[in-house]
There are 2 protein chains.
Amino acid sequence: MSKFMEKALEQANLAAKRGEVPVGAVIVQNGEIIASAGNRTIEDKDPTAHAEVLALREAALTLGNERLSECDLYVTLEPCTMCAGAISFARIRRLYFGAEDHKGGAVENGVRFFSDPSCHHCPDVYTGMSAGESTRILKEFFKERR
Amino acid sequence: MSKFMEKALEQANLAAKRGEVPVGAVIVQNGEIIASAGNRTIEDKDPTAHAEVLALREAALTLGNERLSECDLYVTLEPCTMCAGAISFARIRRLYFGAEDHKGGAVENGVRFFSDPSCHHCPDVYTGMSAGESTRILKEFFKERR
């Protein structure tokens, strides 16, 4: 397991403990984590507070630059349409995601944004890393809430 | 001209003065503006700081709820993929946008997110309001920067 995806899974588990949909993300530059976050939409009363958006905002603030061209993003679940758009704007170099999201994903599913002509920057995409563990955390979360 | 779109155009003009791409947005509930913003990606060092995202975040914080089901969004330019996703998550009731964005839009152009099966909430969409003035502000901004 990648140590970076392991850190993203830690963020997903922390999100679950806060009652948020357990998705976690970290951003890496030169082998160092410069930002990490889990979902906070309920806690922050912010519909845009997905793990990816929060991590992108933190990384851009840390670097003092809204373009993260040398940065890689690790996220436990396939990004949604909003997050795929944000990843493109932030000029993320490589995207690693865990489980596919057949219902809400926008990379391999849904609008497949990075393959659309209206996408002006596309990261290299690597999928499936720790997909089993990512799915397990999500399933457990929703099972407890049924 | 709708008074709300006029306020969105004011935000676009203010954004231009700050050196930001001039797009403005306001959010209206019960006939009152509860949030307004122009682009701030450069000033805030935030790749997600589009007018729509900032207005959605402000409105959600003001109402103490990440769902804005009774709210309408007025924006001077067709929302991009990221913003269309955010508008859907925020459960915006009606979306009014000015000019079409043939290059980066995601409502009538690009991925047409609200028509995609992976979009789980779609606002009613009204287009073309003050489109000429919205386009004029954008064209002037980019002409000065050439």
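Bear in mind that the values in this text are calculations on the coordinates, not laboratory data. Computed from a predicted structure; not experimentally measured. Every residue, glycine among them, receives a Cβ derived from its backbone with ideal geometry; neighbour counts consider all protein chains shown.
Quick notes on this structure:
- On the basis of the beta-carbon distance and an R0 of 25 Å, A:GLU70 and A:GLU43 show a calculated FRET efficiency of 0.25.
- Arranged from fewest to most other beta-carbon atoms within 10 Å of their beta carbon, B:CYS80, B:CYS71 become B:CYS71, B:CYS80.
- 7 Å along Cα→Cβ, label-point gaps from A:ASN13 to other copies, nm, shortest first: 5.5
- The protein assembly as shown: C-alpha gyration tensor shape, a/c 1.5 cut-off, then a/b vs b/c: prolate
- When B:LYS143, A:LYS3 are arranged by Cβ crowding within 10 Å, least crowded first, meaning fewest neighbours, the order is B:LYS143, A:LYS3.
- Chain B's nearest residue to the axis relating it to A, judged by Cβ and reported with the distance in whole Å, is B:VAL111, 2.
- Nearby lysines by direct alpha-carbon distance to B:LYS3 (threshold 16 angstrom, same-chain neighbours under 8 apart not counted): none
- Entry for the stretch B:1-76 at q = 0.26, 0.28 Å⁻¹: log10 I(q)/I(0) = -1.12, -1.22, Debye formula applied to identical alpha-carbon scatterers, no solvent contribution.
- 31 Å Cα-Cα threshold exceeded, pairs from B:LYS45/B:LYS143; A:LYS143/B:LYS45; A:LYS143/B:LYS103; B:LYS45/B:LYS103: A:LYS143/B:LYS45; A:LYS143/B:LYS103
- Averaging the Cα positions of each part gives two centres, and for the stretch A:95-130 and the stretch B:1-37 these lie 32 Å apart.
- Sites matching GluC sites (Glu not before Pro) across the stretch B:5-105 that sit in DSSP coil, with at most 15 neighbouring C-beta atoms within 10 Å: B:GLU43, B:GLU70
- Normalised per residue, the volume of the convex hull around the Cα set of the stretch A:79-132 (Å³): 64 Å³
- Shortest-first nm distances, A:GLU43 label point to equivalent points in other copies (7 Å, Cα→Cβ): 2.9
- Calculated label separations, A:HIS102, copies of the chain, 7 Å along the beta-carbon direction, nm: 3.9
- Remark: the Cα gyration tensor places the stretch B:34-135 in the rounded category, a/c being less than 1.5.
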